[in-house]
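Quick one: this structure, given as structure tokens, is what I'll be asking you about.
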Amino acid sequence: MRYRPPDYRDMPTEEFERKARHNNYMRQIYDFPRTIIPHPSFEKFEEFWKNRCSRSNKVHVEIGCGSGGYLIQLAQNFPNDCFAGFELRYKRLVLAAKKIEKFDCANVLLLKDKGEYLGDYFGENSIDRIHVNFPDPWSKKAQKKHRLLNHDFFQKISVLLRPEGQFLFKTDHQEYFQWVLDLLKNFPNFQTIEATTHLQQSSYYETNIQTEFEKMFQFKSNPNIGYLKIQIYK
Ligand SMILES: C[S@@+](CC[C@H](N)C(=O)[O-])C[C@H]1O[C@@H](n2cnc3c(N)ncnc32)[C@H](O)[C@@H]1O
């Protein structure tokens, strides 16, 4: 069945208070009504979106935006574009929303939902760029079915992307990177624009926007990062 972010406030007050004592961010996601939709539905999303975004604006979506560093940098670089970030974790949503409001990025909206449900909010030919940075790799054989990037995902985004829309992906997990390249062989309408298994040593690094995880990796073990940009032809 469709995953729906629970509204814990519908619980008896004591139960909510008990849960929120362990994770105060559960309470805080309601403090940013201009920036976070904690329990999104198409209707709530549409109401937010129509006030920020017209058909002439470019639309970017980041799935698993974490605490928002990448999305905010993009939004500052392209102030006339519109940005939606999907994220599941309370703390990361709150940290992202704080930064978004601090930097007055009115063109960024956060949804607490799984990126897999992108199509519940966006219609056919409505997104210009989809960004996925360092998704959970689900490395073990039995876990691979949980990977965000699978055949279904690329089928879905083939519909949602506008003609010549792009998908951008970074990971430090080289096996996941190769898995995505292999999947894409089934999608001849996607053409590779940029690809490398060694982002830091490539010319693409000059325009790279680092994510929070990327900064942490760089500081810890500086692994090779796989980077891919593909474009759809319709
Ligand atoms: C490894 S972190 C990377 C965060 C960020 N992209 C970065 O590079 O700093 C993966 C993020 O994806 C989020 N996430 C995991 N599965 C998701 C899903 N199905 N939909 C949306 N976000 C998801 C996690 O909560 C986590 O914040």
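Readers should treat all values here as calculations from the given coordinates under stated rules, not as data from a laboratory. This structure is a prediction, so every number in the text was calculated from the model and none was measured. FYI the Cβ positions are ideal-geometry reconstructions off the backbone, even for glycines, and counts take in every protein chain you see.
Grab every C-alpha pair in the stretch 123-234, bin the distances at 5 angstrom width from 0 up to the longest one, and report whole percents.
Distribution as computed: 2, 11, 22, 24, 19, 14, 6, 1, 0 percent.
At a Förster distance of 35 Å, what's the computed FRET efficiency of Arg4 paired with Tyr204, Cβ-Cβ distance as r, to 0.05?
0.40
Hey, how many Å between the Cα centroid of the stretch 13-36 and the Cα centroid of the stretch 158-224?
Cα centroid to Cα centroid, the span is 34 Å.
Springs between alpha-carbon atoms under 10 Å, Gaussian network over the chain: tell me which of Asp182, Asp172, Asp113 tops the mean-square fluctuations.
Evaluated over the chain, the most mobile residue of the options is Asp182.
Please list, or write none, the aspartates and glutamates whose alpha carbon is within less than 12 Å of the alpha carbon of Lys141, excluding same-chain residues fewer than 8 places away.
Glu175
If the rule is a partner Cβ under 4.7 Å, which cysteines in the chain fail it?
Isolated Cys, the chain: Cys65, Cys105.
Which value in deg cm²/dmol, rounded to the nearest 500, describes the helix-derived mean residue ellipticity at 222 nm for the chain, given -39,500 (n - 2.57) per DSSP H run of n ≥ 4 and division by the residue count?
Helix-only estimate at 222 nm: -9000 deg cm²/dmol.
Under a Cβ-Cβ cut-off of 13 Å, what is the net charge of the residues other than Tyr8 that fall near it, where Lys and Arg count +1 and Asp and Glu count -1?
+2
Could you tell me the relative contact order of the stretch 108-199? Use alpha-carbon pairs under 8 Å, at least six residues apart, and round to a whole percent.
With pairs under 8 Å counted, the relative contact order is 34 percent.
Something else now. Please give the charge dipole size of the chain, origin at the Cα centre, charges +1 on K and R Cβ atoms and -1 on D and E Cβ atoms. Round to the nearest 20 debye.
The calculated dipole for the chain is roughly 380 debye.
Modelled label-to-label distance, Glu15 and Thr197, 7 Å Cα→beta-carbon offset: nm?
5.0
Where is the GNM fluctuation largest for the chain (alpha-carbon springs, 10 angstrom cutoff): Phe134, Phe86, Phe219?
The residue that fluctuates most here is Phe219.
Right, here's the next one. Please compute the contact order of the chain in relative form: average sequence separation of alpha-carbon pairs under 8 Å and at least six residues apart, divided by the residue count, as a percent.
19
Glu62's amide H: which non-local residues (gap 5+, or another chain) put their own amide H closer than 5 Å, with H modeled 1.01 Å from N in plane and none for Pro or chain starts?
Long-range HN contacts for Glu62: Ala84, Gly85, Phe86, His131.
Taking the Cα centre of the stretch 123-234 as origin and charging only Cβ (+1 Lys, Arg; -1 Asp, Glu), how large is the dipole, in debye to the nearest 20?
Using Cβ point charges on Lys, Arg, Asp and Glu, the stretch 123-234 gives about 360 debye.
What FRET efficiency comes out for the pair His151/Glu101, r = Cβ-Cβ distance, R0 = 41 Å, nearest 0.05?
Once the sixth-power term is evaluated, E becomes 0.60.
Still on this structure: Using a Gaussian network model of the chain with C-alpha springs under 10 Å, which one of Pro79, Pro12, Pro188 is most mobile by mean-square fluctuation?
Highest fluctuation among the options: Pro12.
Could you give the dipole magnitude of the stretch 1-101 about its Cα centre, charging the beta-carbon of Lys and Arg +1 and that of Asp and Glu -1, in debye to the nearest 20?
Around 200 debye, computed over the stretch 1-101.
May I pose another question? On a straight-distance basis, which lysines could pair with Lys229 in a cross-link, Cα separation under 19 angstrom, same-chain partners fewer than 8 positions away excluded?
Once the sequence-local lysines are set aside, what remains near Lys229 is Lys58, Lys156, Lys170, Lys185.
In addition: In nanometres, what is the gap between the two model label sites at Asn224 and Tyr25, each 7 Å from Cα along Cα-to-Cβ?
Between Asn224 and Tyr25, the simple spin-label model gives 3.2 nm.
While we're here: Arranged by the count of other C-beta atoms within 10 angstrom, fewest first, what order do Lys50, Lys170 take?
Lowest to highest Cβ neighbour count: Lys50, Lys170.
Once all Cα-Cα distances of the chain are split into 5 Å bins that start at 0, what whole-number percent is in each one?
Cα pair-distance distribution for the chain, in percent: 1, 6, 13, 18, 19, 17, 13, 7, 3, 1, 0, 0.
Note the full-extension length gain between Arg89 and Lys44 as 0.36 nm times their separation in residues minus their Cα-Cα distance, in nm to one decimal.
The span from Arg89 to Lys44 would gain 14.2 nm if fully extended.
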